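Below is one structure, written out as structure tokens; comments come after it.
A short reminder: the numbers here are calculations on the coordinates, not readings from a lab. Keep in mind it's a predicted model, so treat the numbers as computed, not measured. For neighbour counting, all protein chains shown are included, and Cβ atoms are generated from backbone atoms with ideal geometry for every residue, glycine included.
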Amino acid sequence: MLPLSLLNAAQNKPMLVELKNGETFNGHLVNCDNFMNITLREVYQTSADGDKFWKLKECYIRGSTIKYLRVPDTLLDAVKEEQTRAREAGRSARGAHVSGAGNRGRGMPQRGRGAMRGGPIRGGRGRGRGM
Amino acid sequence: MDSLIPFTTSGSLVDCVDRKMLVVLRDGRKLQGVLRSYDQFANLVLEDTVERIYYRDFFAEAWKGLFLIRGENVVLLGEVDLDKEDDVPLRQVPWEELLPYHRQEIAAKKKREEVKAQVLFEQKGFCKEGGEGDGY
């Protein structure tokens, strides 16, 4: 799950966007593209010092001005589940491959080296959610 | 094995996935979380992220959750040694307690940098700092 695919999967989800200048935008993601340009709806804008607030119906943010986005914690799990479902569906549609050891990653388009590792096998030495 | 992987973002970060990482941002913020994903721009996905602030031999943590960090803003990404992190001789205190000291330190640093820039400009013939002036 590449960072930008995660962003795509966050459509209609609430998020907090902080710009490089420190301003923050709280709202629901309407749409995004591969430049990380985004549109939000029902936005609360906060100035960099945190002392001024604005309410915006909808706003567009150019990707290059973003510092980071905070998305719901549940999003990663939701996306993983969705991928698993899609894989199962694809497998059964192609007619019952009995899955075995060498089968990992076949049902899913393989992305960069890193993308797979966050997949079915979690944990490693990281302190995840204890899974 | 090392030599088989070229020095690219993807090459250097594969081994860091699913590990607890420290990320330092250009604004000076320090985040710790589990690296779940990244791309060629070093955009990062950090899960279970906490922000840490330090003052003298104290530190404080604030829970932040799931982050998507735009690569441009990353200064440093380093693995946290889980065996050693508990031996660090720092004392954890509540966030609200440490925050004023932390803010004060940032303000003092900013002031110092301004004075320094002014002296360099007026007496040493340096040009003025451009824009951000955060040294990165």
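Partner shielding of A:64-76 amounts to 6, given as the average count of beta-carbon atoms from other chains within 10 Å of each residue beta-carbon. For chain B, averaging the sequence separation of C-alpha pairs within contact (under 8 Å, six or more residues apart) and dividing by the residue count gives a relative contact order of 20 percent. Straight Cα distances below 22 angstrom link B:Lys116 to the lysines B:Lys124, B:Lys128, with same-chain residues fewer than 8 positions distant left out. By the count of other C-beta atoms within 10 Å, a proxy for reagent exposure, B:Tyr38, A:Tyr44 are ordered fewest to most as A:Tyr44, B:Tyr38. Between A:Arg85 and B:Ile106, what FRET efficiency follows from the Cβ-Cβ distance if R0 is 30 Å, with the result rounded to 0.05? Result of the calculation: an efficiency of 0.05. Rounded to the nearest 10 degrees, the angle from helix B:95-123 to the longest Cα principal axis of chain B is 50 degrees. Straight-line reach from A:Lys57: taking Cα to Cα under 16 Å and skipping same-chain neighbours fewer than 8 places apart, the aspartates and glutamates in range are A:Glu42. Rounded, prolate or oblate: pick one for the range B:25-129, where a ≥ b ≥ c are the square roots of the eigenvalues of its C-alpha gyration tensor, a/c under 1.5 means rounded, and failing that, prolate if a/b is larger than b/c, else oblate. Because a/c hits 1.5 or more and a/b fails to exceed b/c, the range B:25-129 counts as oblate. Among beta bridges from DSSP that stay inside chain B, the antiparallel ones total about 95%. Peptide B:27-39 is shielded by partner chain Cβ atoms: per residue, an average of 5 of them sit within 10 Å of its Cβ. Inter-chain Cβ neighbour count for B:15-23, averaged per residue, equals 4 (cutoff 10 Å, partner chain atoms only). Around the Cα centre of chain B, unit charges on the Cβ atoms of Lys, Arg, Asp and Glu (plus for the first two, minus for the last two) sum to a dipole of about 640 debye.
Database remark: amide H of A:Lys67 closer than 5 angstrom to the amide H of A:Glu18, A:Leu19, A:Lys20 (H placed geometrically; neighbours at sequence offset of 5 or more, or on other chains; Pro and chain starts carry no H).
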